[in-house]
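Below is one structure, written out as structure tokens; the observations come after it.
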Amino acid sequence: MAGVFPLLIFSAAIGAGVNAGLFFIFSVCIMGALGRLPAAQGVAAMQSINVVILNPWFMLAFLGTALLSLVLVAVAFFTGSPARLYVIAGGLLFLAGTILVTMVFNVPMNNQLEALLPQSEEAARLWSSTYLVDWLRWNHVRTLSSLGALGCFVMAFRAA
């Protein structure tokens, strides 16, 4: 396992970085651009994004990094490697701050938005009153936790 451990750490770092980049661009650009559109257009665009993003490349980066994080955290508990604390921190940051936050906060908000007709008053109310602010707030958490995981995995790779 000693020879594979650094490769797994490196792969997790790449995955965390890809996720951090994805979430970062939503935080600094995409949601701001959608928020400038009339509500019906912003809702329709976000609904489209939420459909298109569920593709094999995204799933590989998102769920693949989660799986790597789980494996690495489990292995780290049974190794005396100097990298283990960084691995555990990175894995837990990714699992809690990215995966758990996505499932508990962002996905339910996306599902709530998906159930509405973009041109409805209810969609406009949800979009402007809570969705843009709350979804973005939790996306910032995902961005920072993915970046933190990336940093931890890089430090673990150096120590491995």
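The numbers here are math on the coordinates, done by the rules we state, and not lab data. Since the structure is predicted, the reported quantities are computational estimates derived from the model, not experimental observations. Note that each Cβ is placed from the backbone with ideal geometry, even for glycine, and that neighbours are counted across all protein chains shown.
Odds and ends about this structure:
- For segment 27-69, the alpha carbon convex hull comes to 72 Å³ per residue, rounded to a whole number.
- Angle between the chain longest axis and helix 84-94 axis [Cα atoms, degrees, rounded to 10]: 10
- The fraction of all Cα pairs in segment 1-52 landing in successive 10 Å bins from 0 to the largest distance is 22, 33, 20, 15, 8, 1, given as whole percents.
- Loop-located GluC sites (Glu not before Pro) in segment 89-157 whose Cβ has at most 14 other Cβ within 10 Å (DSSP): none
- Phi angles of segment 48-58 translate, via the Karplus equation with coefficients 6.51, -1.76, 1.60 and θ = phi - 60°, into HN-Hα couplings of 5, 4, 5, 7, 5, 5, 7, 10, x, 5, 5 Hz per residue; Gly and Pro are given as x.
- Here is the list for segment 51-160: chymotrypsin sites (Phe, Trp or Tyr not before Pro) lying in DSSP coil, each with at most 12 other C-beta atoms within 10 angstrom of its C-beta, are 77, 78.
- Relative to the longest principal axis of the Cα atoms of the chain, the long axis of helix 132-159 lies at roughly 10 degrees.
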